[in-house]
Amino acid sequence: MSTDQSGSLPISARAILGAFALDAALVVTFAAIGRASHDEGVLGAWGSGLWQTAWPFLASLALGWLISRAWLNPSSPLRTGLPVWAIAVSGGMLLRAVSDQGVAMAFVVVASVTLLVFLVGWRAVAALVHVRRAQHRPG
């Protein structure tokens, strides 16, 4: 079991795995939306299209978790969300480039903004909920 950044609240393995699973689900959702918006079919031929689009970002997401040590404070928008996002986007684009997938500037911008909203956004919402709950606790 880890503790949050202040060292006061225990973070369960379930919460850590849940945060990583949410990040991964949001990356796959991003890939699915992108494929659907380009009339490629979400799954593509033989169901491999979604995987082909998502894997560079999923691999980079995992790297982002390792580099940022996201498990120490998985729901922090700044300490975890921003580095995980930056590594997921930059690493994803690098992996797309070396695997002969497109990295047009428009795609880089859309991917950057969408993944920022997804990967940092849920953490910002969680932080606001946490603050609101703390303000309304008796004591």
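For the stretch 32-40, does any single residue satisfy the condition of being of a type in the set (D, E) and part of a helix (DSSP H, G or I)? Steps first, please.
First pass over the stretch 32-40, keeping only residues of a type in the set (D, E): 39-40.
In the following step, the residues that additionally are part of a helix (DSSP H, G or I) were identified as none.
So far as the stretch 32-40 goes, no, none of its residues is of a type in the set (D, E) and part of a helix (DSSP H, G or I).
Residues of the stretch 4-14 that are modelled with pLDDT of 80 or more and open to solvent by 40 Å² or more (accessible area, probe 1.4 Å): S12, A13, R14.
In the stretch 81-128, which residues are touching a Gly at 6+ places or on another chain (Cβ under 6 Å) and charged (D, E, K, R)? Of everything in the stretch 81-128, just one residue is touching a Gly at 6+ places or on another chain (Cβ under 6 Å) and charged (D, E, K, R), namely R123.
Here is the figure for the stretch 15-44: residues that are modelled with pLDDT of 95 or more and loosely packed, with under 14 Cβ neighbours inside 10 Å total 5.
The values are calculated or read from the model by the stated rules, or taken from the named source; none is laboratory data. All values derive from a computational prediction rather than experimental measurement. Cβ atoms come from the backbone with ideal geometry, glycine included; neighbour counts cover every protein chain shown. The accessibility values were calculated without ligands, DNA or RNA, using every heavy atom of the protein model including side chains. Shrake-Rupley method; radii C 1.70, N 1.55, O 1.52, S 1.80 Å.
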